[in-house]
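The values are calculated or read from the model by the stated rules, or taken from the named source; none is laboratory data. Please read these numbers as outputs of a predicted model, since none were measured by experiment. When we count neighbours, we look across all protein chains shown, and the Cβ atoms used for this are built from the backbone with ideal geometry, even at glycine. Heads up: the accessible areas ignore ligands, DNA and RNA and are worked out on the full protein's heavy atoms, side chains in. Shrake-Rupley method; radii C 1.70, N 1.55, O 1.52, S 1.80 Å.
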Amino acid sequence: MAAVAKEHGSATGNGKRWHDQHPELGTAPVPIEPYISQEYFNLERERIFRKVWLNVGREEEIPQPGNYLVKDLPVCGASILLVRGKDGRLRAFHNVCSHRSNKLVWDQRGSCQMFACKFHGWTYGLNGQLTFVPDEESFFDLKKGELGLTPVAADVWEGFIFINLDPQPQESLKEYLGEMGESLQGYPFAEYSATCYRWTTELHANWKILKDAFQEAYHVAFLHKRSIPDSFTGKNNPFSHGLDYRLYPRHRKMAVYGNMEHQPTPVEKMAFQFGSLVIRNDFSLSNLPPGVNPTKDPSWALDLNVIFPNFFVDVSEGTYFTYNMWPLAVDRTLWEVRTYYPQPKTAGQRFSQEYSKVIFRDVIMEDCSTLEQTQSVLASGAKSHFVLQDQEILIRHDHRVHEDFVGFYR
Amino acid sequence: MEIETEKEMEIETEKGEPMAEHVLPETFRDLEPFAGWALATEKERNQKRLASTMAEIQSFYDAILPRMEAVIAYLNQFPLDAMPADAQRLLSLTFSLAEVSTAVELFKQPGVIDGYDATRFVPVHK
(Lines give C-alpha, C1' and ligand atoms only; values in the text may rest on other atoms or scores of the structure.)
Protein backbone atom coordinates (compact mmCIF):
# COMPACT_ATOMS: atom_id res chain seq x y z
CA MET A 1 0.00 0.00 0.00
CA ALA A 2 2.86 2.34 0.70
CA ALA A 3 3.76 4.17 -2.46
CA VAL A 4 7.37 4.92 -3.01
CA ALA A 5 8.28 7.32 -5.75
CA LYS A 6 11.71 8.73 -5.29
CA GLU A 7 11.59 10.58 -8.57
CA HIS A 8 8.84 12.69 -7.04
CA GLY A 9 11.04 13.79 -4.21
CA SER A 10 12.49 16.65 -6.16
CA ALA A 11 11.86 19.94 -4.46
CA THR A 12 12.17 21.76 -7.75
CA GLY A 13 9.24 19.93 -9.31
CA ASN A 14 9.50 17.81 -12.40
CA GLY A 15 6.00 17.98 -13.79
CA LYS A 16 4.94 14.79 -12.09
CA ARG A 17 2.31 14.81 -9.43
CA TRP A 18 1.92 12.77 -6.25
CA HIS A 19 -1.72 12.23 -7.14
CA ASP A 20 -0.59 10.26 -10.21
CA GLN A 21 0.58 7.60 -7.79
CA HIS A 22 -2.83 7.42 -6.13
CA PRO A 23 -5.52 7.52 -8.79
CA GLU A 24 -7.95 5.92 -6.31
CA LEU A 25 -8.06 9.22 -4.41
CA GLY A 26 -9.21 11.28 -7.39
CA THR A 27 -8.59 15.00 -7.61
CA ALA A 28 -12.04 16.44 -6.93
CA PRO A 29 -12.70 19.04 -4.23
CA VAL A 30 -13.54 17.52 -0.82
CA PRO A 31 -16.74 18.24 1.12
CA ILE A 32 -16.96 20.71 4.02
CA GLU A 33 -19.96 18.94 5.54
CA PRO A 34 -17.82 16.62 7.76
CA TYR A 35 -16.48 19.73 9.53
CA ILE A 36 -19.86 21.19 10.46
CA SER A 37 -22.35 18.32 10.56
CA GLN A 38 -23.52 17.12 13.99
CA GLU A 39 -24.65 13.88 12.39
CA TYR A 40 -21.17 13.32 11.00
CA PHE A 41 -19.66 14.11 14.39
CA ASN A 42 -21.91 11.53 16.09
CA LEU A 43 -20.77 8.91 13.59
CA GLU A 44 -17.12 9.78 14.20
CA ARG A 45 -17.67 9.13 17.89
CA GLU A 46 -19.20 5.68 17.31
CA ARG A 47 -17.22 4.48 14.34
CA ILE A 48 -13.81 6.01 14.99
CA PHE A 49 -13.21 7.00 18.60
CA ARG A 50 -14.98 3.98 20.09
CA LYS A 51 -13.24 1.60 17.67
CA VAL A 52 -9.59 2.44 17.05
CA TRP A 53 -6.38 2.69 19.05
CA LEU A 54 -5.88 6.13 20.62
CA ASN A 55 -2.66 7.56 22.01
CA VAL A 56 -3.16 8.79 25.56
CA GLY A 57 0.34 9.39 26.86
CA ARG A 58 3.88 8.12 27.24
CA GLU A 59 5.32 5.48 29.50
CA GLU A 60 7.65 8.00 31.17
CA GLU A 61 4.56 9.55 32.75
CA ILE A 62 3.91 6.45 34.87
CA PRO A 63 7.29 4.75 35.36
CA GLN A 64 6.84 3.28 38.86
CA PRO A 65 4.38 0.78 40.35
CA GLY A 66 1.46 2.74 41.75
CA ASN A 67 1.88 5.64 39.32
CA TYR A 68 -1.37 6.52 37.62
CA LEU A 69 -2.62 8.86 34.95
CA VAL A 70 -6.19 9.89 34.16
CA LYS A 71 -7.14 10.59 30.58
CA ASP A 72 -10.58 12.05 30.02
CA LEU A 73 -12.09 11.37 26.61
CA PRO A 74 -15.08 13.72 26.44
CA VAL A 75 -15.82 12.68 22.86
CA CYS A 76 -16.83 9.26 24.19
CA GLY A 77 -18.13 10.46 27.56
CA ALA A 78 -15.34 8.41 29.09
CA SER A 79 -12.49 8.77 31.52
CA ILE A 80 -9.62 6.28 31.44
CA LEU A 81 -7.45 5.36 34.41
CA LEU A 82 -3.95 4.19 33.41
CA VAL A 83 -2.00 2.56 36.19
CA ARG A 84 1.32 0.80 36.61
CA GLY A 85 0.69 -2.35 38.71
CA LYS A 86 2.84 -3.84 41.44
CA ASP A 87 3.93 -6.37 38.79
CA GLY A 88 5.20 -3.47 36.64
CA ARG A 89 2.43 -4.01 34.08
CA LEU A 90 0.54 -1.12 32.60
CA ARG A 91 -3.25 -1.48 32.80
CA ALA A 92 -6.14 0.69 31.71
CA PHE A 93 -9.62 0.81 33.21
CA HIS A 94 -12.72 2.88 32.86
CA ASN A 95 -12.39 5.42 35.66
CA VAL A 96 -15.82 4.48 37.04
CA CYS A 97 -16.71 2.99 40.42
CA SER A 98 -18.65 -0.29 40.22
CA HIS A 99 -21.14 0.83 42.88
CA ARG A 100 -23.07 3.78 41.45
CA SER A 101 -20.66 4.88 38.73
CA ASN A 102 -18.97 7.80 40.45
CA LYS A 103 -15.80 8.92 38.70
CA LEU A 104 -13.23 7.05 40.79
CA VAL A 105 -10.06 9.20 40.47
CA TRP A 106 -10.49 12.95 40.14
CA ASP A 107 -6.95 14.23 39.80
CA GLN A 108 -4.91 13.98 36.60
CA ARG A 109 -1.97 11.98 37.90
CA GLY A 110 -0.39 10.67 41.06
CA SER A 111 0.88 7.65 42.90
CA CYS A 112 -0.95 5.35 45.30
CA GLN A 113 -1.34 1.84 46.67
CA MET A 114 -5.10 1.56 46.06
CA PHE A 115 -8.01 3.59 44.73
CA ALA A 116 -10.81 4.49 47.14
CA CYS A 117 -14.02 6.01 45.82
CA LYS A 118 -14.85 9.34 47.44
CA PHE A 119 -18.59 8.61 47.40
CA HIS A 120 -18.97 5.46 49.54
CA GLY A 121 -15.41 4.26 50.04
CA TRP A 122 -15.37 1.29 47.68
CA THR A 123 -11.70 0.40 47.28
CA TYR A 124 -9.79 -1.14 44.36
CA GLY A 125 -6.30 -2.56 43.98
CA LEU A 126 -3.86 -1.36 41.32
CA ASN A 127 -4.95 -4.39 39.26
CA GLY A 128 -8.54 -3.13 39.25
CA GLN A 129 -9.90 -5.74 41.67
CA LEU A 130 -12.52 -4.62 44.17
CA THR A 131 -10.89 -5.17 47.56
CA PHE A 132 -13.15 -3.50 50.10
CA VAL A 133 -16.81 -2.50 50.38
CA PRO A 134 -17.90 -0.62 53.52
CA ASP A 135 -20.98 -2.14 55.16
CA GLU A 136 -20.72 -5.07 52.80
CA GLU A 137 -23.27 -7.14 54.77
CA SER A 138 -26.07 -4.75 53.82
CA PHE A 139 -25.74 -5.55 50.09
CA PHE A 140 -27.52 -8.44 48.39
CA ASP A 141 -25.53 -11.33 46.94
CA LEU A 142 -22.56 -9.03 46.32
CA LYS A 143 -19.93 -10.82 44.23
CA LYS A 144 -16.84 -8.69 44.76
CA GLY A 145 -14.82 -10.83 42.36
CA GLU A 146 -17.09 -9.72 39.51
CA LEU A 147 -17.20 -6.06 40.46
CA GLY A 148 -13.68 -4.94 39.59
CA LEU A 149 -13.04 -1.88 37.43
CA THR A 150 -14.02 -2.30 33.79
CA PRO A 151 -10.83 -3.04 31.87
CA VAL A 152 -9.87 -1.15 28.71
CA ALA A 153 -7.48 -2.57 26.10
CA ALA A 154 -4.07 -0.91 26.41
CA ASP A 155 -0.76 -1.43 24.67
CA VAL A 156 2.51 0.40 24.13
CA TRP A 157 4.36 1.26 20.93
CA GLU A 158 7.80 2.91 21.16
CA GLY A 159 6.92 4.16 24.65
CA PHE A 160 3.59 5.66 23.51
CA ILE A 161 0.59 4.36 25.45
CA PHE A 162 -2.51 3.58 23.40
CA ILE A 163 -5.95 2.48 24.53
CA ASN A 164 -8.88 1.07 22.60
CA LEU A 165 -12.44 1.59 23.86
CA ASP A 166 -13.74 -1.34 21.83
CA PRO A 167 -14.34 -4.16 24.37
CA GLN A 168 -12.99 -6.51 21.68
CA PRO A 169 -10.52 -4.57 19.53
CA GLN A 170 -10.59 -5.68 15.91
CA GLU A 171 -6.81 -5.83 15.73
CA SER A 172 -3.72 -5.46 17.86
CA LEU A 173 -1.97 -2.11 18.19
CA LYS A 174 0.94 -3.48 16.13
CA GLU A 175 -1.43 -4.50 13.34
CA TYR A 176 -3.24 -1.18 13.54
CA LEU A 177 -0.05 0.85 13.17
CA GLY A 178 1.26 -1.46 10.43
CA GLU A 179 3.86 0.02 8.11
CA MET A 180 3.69 3.39 9.85
CA GLY A 181 4.83 1.79 13.07
CA GLU A 182 7.59 -0.09 11.28
CA SER A 183 8.82 3.04 9.51
CA LEU A 184 9.69 4.67 12.83
CA GLN A 185 11.49 1.66 14.22
CA GLY A 186 14.90 2.67 15.53
CA TYR A 187 14.06 6.33 16.05
CA PRO A 188 15.55 7.26 19.46
CA PHE A 189 12.21 8.02 21.13
CA ALA A 190 13.43 6.90 24.56
CA GLU A 191 16.53 9.12 24.47
CA TYR A 192 14.63 12.11 23.09
CA SER A 193 11.76 11.80 25.57
CA ALA A 194 13.77 12.80 28.64
CA THR A 195 12.46 16.35 28.51
CA CYS A 196 8.90 17.18 27.57
CA TYR A 197 7.29 20.61 27.25
CA ARG A 198 3.53 20.57 26.91
CA TRP A 199 0.76 23.00 26.14
CA THR A 200 -2.98 22.58 25.85
CA THR A 201 -5.60 24.80 24.30
CA GLU A 202 -9.28 24.59 23.56
CA LEU A 203 -9.95 25.77 20.04
CA HIS A 204 -13.22 26.77 18.48
CA ALA A 205 -12.71 24.59 15.46
CA ASN A 206 -13.58 21.13 14.25
CA TRP A 207 -10.79 18.70 15.06
CA LYS A 208 -10.19 17.96 11.37
CA ILE A 209 -9.50 21.65 10.69
CA LEU A 210 -6.54 21.21 13.02
CA LYS A 211 -5.44 17.98 11.41
CA ASP A 212 -5.59 19.46 7.92
CA ALA A 213 -3.46 22.45 8.88
CA PHE A 214 -0.63 20.29 10.14
CA GLN A 215 -0.46 17.82 7.29
CA GLU A 216 0.52 20.20 4.53
CA ALA A 217 3.37 22.72 4.14
CA TYR A 218 1.75 24.84 1.42
CA HIS A 219 0.73 27.41 4.04
CA VAL A 220 4.24 27.94 5.41
CA ALA A 221 5.36 30.55 2.87
CA PHE A 222 2.31 32.69 3.64
CA LEU A 223 0.97 32.18 7.14
CA HIS A 224 4.48 31.86 8.59
CA LYS A 225 6.27 34.40 6.40
CA ARG A 226 7.36 36.40 9.45
CA SER A 227 8.19 33.63 11.91
CA ILE A 228 9.98 31.11 9.68
CA PRO A 229 10.57 33.03 6.46
CA ASP A 230 13.25 30.78 4.99
CA SER A 231 13.42 27.60 7.06
CA PHE A 232 11.04 25.42 5.06
CA THR A 233 11.08 27.40 1.83
CA GLY A 234 14.00 28.31 -0.39
CA LYS A 235 15.01 29.55 -3.80
CA ASN A 236 14.62 26.06 -5.24
CA ASN A 237 11.46 25.31 -3.32
CA PRO A 238 9.42 28.49 -2.77
CA PHE A 239 6.20 26.63 -1.90
CA SER A 240 7.68 24.11 0.51
CA HIS A 241 6.99 21.10 -1.69
CA GLY A 242 7.35 17.85 0.21
CA LEU A 243 10.42 15.69 -0.35
CA ASP A 244 8.38 12.52 -0.06
CA TYR A 245 4.83 11.42 0.69
CA ARG A 246 3.74 7.96 1.80
CA LEU A 247 0.18 6.82 2.20
CA TYR A 248 -0.69 3.76 4.26
CA PRO A 249 -4.15 2.21 4.65
CA ARG A 250 -4.96 4.55 7.56
CA HIS A 251 -1.87 6.58 8.31
CA ARG A 252 0.39 8.79 6.23
CA LYS A 253 3.64 10.71 6.25
CA MET A 254 5.41 13.57 4.57
CA ALA A 255 9.10 14.41 4.55
CA VAL A 256 9.35 18.18 4.92
CA TYR A 257 11.95 20.18 3.05
CA GLY A 258 14.48 22.22 5.01
CA ASN A 259 16.36 25.10 3.42
CA MET A 260 20.11 24.57 3.68
CA GLU A 261 20.66 28.29 3.10
CA HIS A 262 18.41 29.34 5.96
CA GLN A 263 19.82 32.48 7.64
CA PRO A 264 19.47 32.14 11.40
CA THR A 265 18.65 35.17 13.54
CA PRO A 266 21.22 36.21 16.18
CA VAL A 267 19.51 34.40 19.05
CA GLU A 268 18.73 31.37 16.91
CA LYS A 269 22.40 31.18 15.93
CA MET A 270 23.32 31.24 19.60
CA ALA A 271 20.79 28.56 20.44
CA PHE A 272 22.16 26.36 17.71
CA GLN A 273 25.68 26.88 18.96
CA PHE A 274 24.66 25.49 22.37
CA GLY A 275 22.30 22.70 21.33
CA SER A 276 19.91 21.45 18.69
CA LEU A 277 16.76 22.94 17.25
CA VAL A 278 13.54 22.05 15.52
CA ILE A 279 14.79 24.12 12.61
CA ARG A 280 17.87 22.22 11.60
CA ASN A 281 21.00 24.12 10.78
CA ASP A 282 23.26 21.13 10.45
CA PHE A 283 22.42 19.28 7.29
CA SER A 284 25.02 16.57 7.48
CA LEU A 285 23.34 13.23 6.93
CA SER A 286 22.40 11.66 10.18
CA ASN A 287 22.22 8.21 11.65
CA LEU A 288 18.45 8.27 11.81
CA PRO A 289 16.81 4.96 10.81
CA PRO A 290 15.87 4.16 7.18
CA GLY A 291 12.18 4.98 7.66
CA VAL A 292 12.94 8.55 8.74
CA ASN A 293 13.67 10.97 5.89
CA PRO A 294 13.02 7.94 3.67
CA THR A 295 14.67 9.34 0.54
CA LYS A 296 17.67 10.49 2.62
CA ASP A 297 17.43 13.90 1.03
CA PRO A 298 20.06 16.21 2.57
CA SER A 299 17.58 19.13 2.45
CA TRP A 300 15.40 17.48 5.07
CA ALA A 301 13.87 19.23 8.06
CA LEU A 302 11.46 16.75 9.59
CA ASP A 303 8.89 14.06 8.90
CA LEU A 304 5.21 14.54 9.61
CA ASN A 305 3.79 11.21 10.76
CA VAL A 306 0.01 11.29 10.96
CA ILE A 307 -1.43 8.35 12.86
CA PHE A 308 -5.17 7.96 12.45
CA PRO A 309 -7.32 9.31 13.86
CA ASN A 310 -5.82 12.15 15.92
CA PHE A 311 -2.14 11.62 16.71
CA PHE A 312 0.86 13.30 15.04
CA VAL A 313 4.43 12.19 15.76
CA ASP A 314 6.64 14.65 13.89
CA VAL A 315 10.26 13.65 14.07
CA SER A 316 13.43 15.59 13.42
CA GLU A 317 16.99 15.19 14.50
CA GLY A 318 17.55 15.78 18.22
CA THR A 319 13.88 16.48 18.87
CA TYR A 320 10.37 15.41 18.03
CA PHE A 321 6.93 16.79 18.76
CA THR A 322 3.45 15.36 19.02
CA TYR A 323 -0.11 16.61 18.62
CA ASN A 324 -3.29 15.02 19.92
CA MET A 325 -6.52 16.55 18.68
CA TRP A 326 -9.44 15.60 20.93
CA PRO A 327 -12.90 16.51 19.66
CA LEU A 328 -15.12 18.12 22.31
CA ALA A 329 -17.98 19.07 20.01
CA VAL A 330 -18.41 19.45 16.26
CA ASP A 331 -16.84 22.92 16.51
CA ARG A 332 -14.58 22.58 19.56
CA THR A 333 -11.31 20.70 20.02
CA LEU A 334 -8.92 20.17 22.89
CA TRP A 335 -5.44 20.27 21.42
CA GLU A 336 -2.42 18.84 23.24
CA VAL A 337 0.99 19.87 21.96
CA ARG A 338 4.21 18.36 23.26
CA THR A 339 7.83 18.87 22.27
CA TYR A 340 10.44 16.38 23.36
CA TYR A 341 14.20 16.71 23.75
CA PRO A 342 17.07 14.74 25.23
CA GLN A 343 18.01 15.55 28.81
CA PRO A 344 19.90 18.85 28.73
CA LYS A 345 23.29 18.39 30.35
CA THR A 346 24.36 22.02 30.43
CA ALA A 347 22.79 25.43 30.80
CA GLY A 348 23.64 26.07 27.15
CA GLN A 349 21.66 23.04 26.01
CA ARG A 350 18.78 24.06 28.23
CA PHE A 351 18.82 27.57 26.73
CA SER A 352 18.81 26.04 23.28
CA GLN A 353 15.69 24.04 24.15
CA GLU A 354 14.05 27.17 25.52
CA TYR A 355 14.62 29.01 22.25
CA SER A 356 13.40 26.01 20.31
CA LYS A 357 10.14 25.81 22.23
CA VAL A 358 9.52 29.57 22.06
CA ILE A 359 9.86 29.73 18.27
CA PHE A 360 7.82 26.53 17.97
CA ARG A 361 5.07 28.00 20.18
CA ASP A 362 4.99 31.34 18.39
CA VAL A 363 4.68 29.66 14.99
CA ILE A 364 1.74 27.70 16.38
CA MET A 365 0.17 30.97 17.58
CA GLU A 366 -0.05 31.90 13.91
CA ASP A 367 -1.69 28.58 13.06
CA CYS A 368 -4.25 28.74 15.86
CA SER A 369 -5.68 32.06 14.68
CA THR A 370 -6.30 30.68 11.22
CA LEU A 371 -7.94 27.53 12.56
CA GLU A 372 -10.59 29.51 14.43
CA GLN A 373 -11.07 32.05 11.65
CA THR A 374 -11.72 29.21 9.22
CA GLN A 375 -14.25 27.51 11.47
CA SER A 376 -16.04 30.83 12.11
CA VAL A 377 -17.20 31.03 8.49
CA LEU A 378 -17.51 27.35 7.55
CA ALA A 379 -21.19 27.06 8.38
CA SER A 380 -22.07 30.13 6.28
CA GLY A 381 -22.78 27.91 3.29
CA ALA A 382 -20.62 30.17 1.13
CA LYS A 383 -18.62 27.15 0.04
CA SER A 384 -19.50 23.49 0.01
CA HIS A 385 -16.04 22.11 -0.77
CA PHE A 386 -12.33 22.62 -0.17
CA VAL A 387 -10.12 22.78 -3.26
CA LEU A 388 -6.93 20.76 -2.78
CA GLN A 389 -3.68 20.87 -4.74
CA ASP A 390 -1.15 18.10 -5.26
CA GLN A 391 0.86 18.99 -2.14
CA GLU A 392 -2.28 18.67 -0.02
CA ILE A 393 -2.54 14.97 -0.79
CA LEU A 394 -2.38 13.99 2.89
CA ILE A 395 -5.60 15.93 3.55
CA ARG A 396 -7.27 14.16 0.64
CA HIS A 397 -6.09 10.82 1.94
CA ASP A 398 -7.43 11.67 5.40
CA HIS A 399 -10.85 12.35 3.87
CA ARG A 400 -10.70 8.95 2.24
CA VAL A 401 -9.76 7.18 5.48
CA HIS A 402 -12.49 9.03 7.38
CA GLU A 403 -15.06 7.93 4.88
CA ASP A 404 -13.78 4.33 5.14
CA PHE A 405 -14.58 4.44 8.85
CA VAL A 406 -17.59 6.74 8.99
CA GLY A 407 -19.38 5.71 5.80
CA PHE A 408 -21.30 8.99 5.66
CA TYR A 409 -21.44 9.13 1.86
CA ARG A 410 -21.83 5.42 1.20
CA MET B 1 30.01 44.30 53.57
CA GLU B 2 28.74 47.77 54.29
CA ILE B 3 30.59 49.22 51.34
CA GLU B 4 29.03 46.58 49.13
CA THR B 5 25.64 47.49 50.48
CA GLU B 6 26.19 51.06 49.38
CA LYS B 7 27.05 49.89 45.91
CA GLU B 8 23.98 47.78 45.88
CA MET B 9 21.85 50.77 46.67
CA GLU B 10 23.11 52.48 43.54
CA ILE B 11 21.78 49.77 41.31
CA GLU B 12 18.39 50.53 39.99
CA THR B 13 15.81 48.39 38.30
CA GLU B 14 14.20 49.27 35.01
CA LYS B 15 11.48 51.11 36.87
CA GLY B 16 14.04 53.19 38.74
CA GLU B 17 13.44 51.54 42.10
CA PRO B 18 16.54 50.82 44.15
CA MET B 19 17.45 47.15 44.42
CA ALA B 20 17.67 45.81 47.93
CA GLU B 21 20.52 43.43 47.13
CA HIS B 22 22.39 41.79 44.29
CA VAL B 23 20.49 39.04 42.58
CA LEU B 24 22.90 38.03 39.81
CA PRO B 25 26.45 36.62 39.96
CA GLU B 26 29.11 39.27 40.40
CA THR B 27 30.47 39.08 36.85
CA PHE B 28 27.04 39.92 35.49
CA ARG B 29 26.08 42.85 37.69
CA ASP B 30 25.68 44.93 34.52
CA LEU B 31 22.55 42.91 33.84
CA GLU B 32 20.99 43.67 37.22
CA PRO B 33 18.78 46.44 35.83
CA PHE B 34 17.04 43.67 33.88
CA ALA B 35 16.64 41.31 36.83
CA GLY B 36 12.88 41.75 36.48
CA TRP B 37 13.15 39.38 33.52
CA ALA B 38 14.50 36.61 35.77
CA LEU B 39 11.20 34.77 35.93
CA ALA B 40 10.83 31.09 36.71
CA THR B 41 8.14 29.99 34.28
CA GLU B 42 7.45 30.33 30.57
CA LYS B 43 4.02 31.72 31.39
CA GLU B 44 5.50 34.55 33.48
CA ARG B 45 8.14 35.33 30.87
CA ASN B 46 5.55 35.41 28.11
CA GLN B 47 3.25 37.63 30.19
CA LYS B 48 6.09 40.08 30.86
CA ARG B 49 6.95 40.17 27.17
CA LEU B 50 3.36 40.92 26.22
CA ALA B 51 3.04 43.58 28.96
CA SER B 52 6.26 45.37 27.91
CA THR B 53 6.84 48.05 25.30
CA MET B 54 9.15 47.33 22.38
CA ALA B 55 11.60 49.86 23.85
CA GLU B 56 11.77 47.89 27.09
CA ILE B 57 12.10 44.59 25.25
CA GLN B 58 14.77 45.99 22.93
CA SER B 59 16.89 47.40 25.76
CA PHE B 60 16.87 44.03 27.54
CA TYR B 61 17.71 42.23 24.29
CA ASP B 62 20.53 44.66 23.48
CA ALA B 63 22.00 44.35 26.97
CA ILE B 64 22.07 40.57 27.26
CA LEU B 65 22.77 39.43 23.70
CA PRO B 66 26.45 40.53 23.63
CA ARG B 67 26.92 38.93 27.07
CA MET B 68 25.46 35.55 26.13
CA GLU B 69 28.74 33.77 25.31
CA ALA B 70 30.08 34.73 28.73
CA VAL B 71 26.78 33.98 30.46
CA ILE B 72 26.54 30.47 29.04
CA ALA B 73 30.23 29.76 29.68
CA TYR B 74 29.68 30.80 33.31
CA LEU B 75 26.48 28.80 33.75
CA ASN B 76 27.91 25.69 32.11
CA GLN B 77 30.22 25.19 35.09
CA PHE B 78 27.23 24.26 37.29
CA PRO B 79 25.19 21.08 37.14
CA LEU B 80 21.70 22.03 35.92
CA ASP B 81 20.02 20.52 38.96
CA ALA B 82 22.34 22.12 41.52
CA MET B 83 22.74 25.75 40.52
CA PRO B 84 23.25 28.52 43.06
CA ALA B 85 20.25 30.84 43.26
CA ASP B 86 21.99 33.74 41.50
CA ALA B 87 23.08 31.48 38.63
CA GLN B 88 19.56 30.10 38.40
CA ARG B 89 18.28 33.67 37.99
CA LEU B 90 20.85 34.31 35.30
CA LEU B 91 19.71 31.18 33.50
CA SER B 92 16.11 32.34 33.59
CA LEU B 93 17.30 35.66 32.13
CA THR B 94 18.62 33.70 29.12
CA PHE B 95 15.20 32.05 28.85
CA SER B 96 13.67 35.52 28.72
CA LEU B 97 16.06 36.36 25.89
CA ALA B 98 14.68 33.34 24.05
CA GLU B 99 11.19 34.56 24.89
CA VAL B 100 11.66 38.10 23.55
CA SER B 101 13.85 37.10 20.60
CA THR B 102 10.88 36.46 18.32
CA ALA B 103 9.38 39.85 19.25
CA VAL B 104 12.63 41.63 18.33
CA GLU B 105 13.87 39.54 15.44
CA LEU B 106 10.65 38.47 13.73
CA PHE B 107 7.51 40.35 14.68
CA LYS B 108 8.89 43.82 15.61
CA GLN B 109 6.13 43.99 18.19
CA PRO B 110 5.68 42.26 21.58
CA GLY B 111 3.08 39.72 20.45
CA VAL B 112 2.78 37.43 17.45
CA ILE B 113 1.28 39.33 14.50
CA ASP B 114 -2.28 38.09 13.94
CA GLY B 115 -1.51 35.61 16.69
CA TYR B 116 -3.74 33.55 18.93
CA ASP B 117 -4.52 34.76 22.45
CA ALA B 118 -1.41 33.59 24.33
CA THR B 119 -3.34 33.20 27.59
CA ARG B 120 -5.39 30.46 25.93
CA PHE B 121 -2.31 28.43 25.00
CA VAL B 122 -1.55 27.04 28.41
CA PRO B 123 1.88 25.64 29.30
CA VAL B 124 1.60 22.50 31.39
CA HIS B 125 5.36 22.70 32.02
CA LYS B 126 7.26 25.44 33.86
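The table below lists the values:
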item: Cβ-based charge dipole, the protein assembly as shown, positive-most Cα from A:Gly125, A:His22, A:Val337; result: A:His22
item: Of B:Ala103, B:Leu50, B:Phe78, farthest towards positive along the dipole that unit charges on Lys, Arg, Asp, Glu beta carbons give region B:41-110; result: B:Leu50
item: Debye, to nearest 20: dipole size of the protein assembly as shown, +1 on Lys, Arg Cβ, -1 on Asp, Glu Cβ; result: 1460 debye
item: Accessible area of B:Met54 in the full protein assembly, 1.4 Å probe (Å², nearest 10); result: 50 Å²
item: Whether region A:55-162 is rounded, prolate or oblate, judged on the alpha carbon gyration tensor where a/c under 1.5 counts as rounded; result: prolate
item: Using a Förster distance of 56 Å, the FRET efficiency for A:Leu142-B:Leu50 (Cβ separation, nearest 0.05); result: 0.45
item: Residue-wise HN-Hα coupling along region A:304-309, computed from phi with Karplus coefficients 6.51, -1.76, 1.60 (Hz; x: Gly, Pro); result: 8, 10, 9, 9, 5, x
item: Helix axis angle, A:173-183 relative to chain A longest principal axis, alpha carbon, degrees; result: 20 degrees
item: Inter-chain Cβ neighbour average for residues A:219-229, partner chain, 10 Å; result: 2
item: Shape of region A:195-325, Cα gyration tensor, a/c cut at 1.5; result: rounded
item: Per-residue SASA entry for A:Tyr245, accessible area with 1.4 Å probe, Å² rounded to 10; result: 10 Å²
item: For residues of A:362-371, the mean tally of beta carbons on other chains within 10 Å; result: 6
item: Under 5 Å, built H, 5+ apart or other chain: amide partners of A:Arg109; result: A:Val70
item: Projected label distance in nm at A:Thr123 and B:Glu26, using a 7 Å step from Cα toward the beta-carbon; result: 5.9 nm
item: Check: region B:41-110 dipole with +1 on Lys, Arg Cβ and -1 on Asp, Glu Cβ, in debye; result: 160 debye
item: Where no second cysteine Cβ lies under 4.7 Å, the cysteines concerned in chain A; result: A:Cys76, A:Cys112, A:Cys196, A:Cys368
item: In Å², nearest 10: area of A:Glu171 left accessible to a 1.4 Å probe; result: 50 Å²
item: Nearest-20 debye value, region A:54-168 charge dipole, Cβ charges on Lys, Arg, Asp, Glu; result: 140 debye
item: Cα shape, the protein assembly as shown, gyration tensor, a/c 1.5 rule; result: oblate
item: Dipole of chain A, positive direction: furthest Cα of A:Leu177, A:Leu90, A:Asn324, with charges on the beta-carbon; result: A:Leu90
item: Sequence-distant residues sharing a close amide H with A:Asn310 (under 5 Å, placed H); result: none
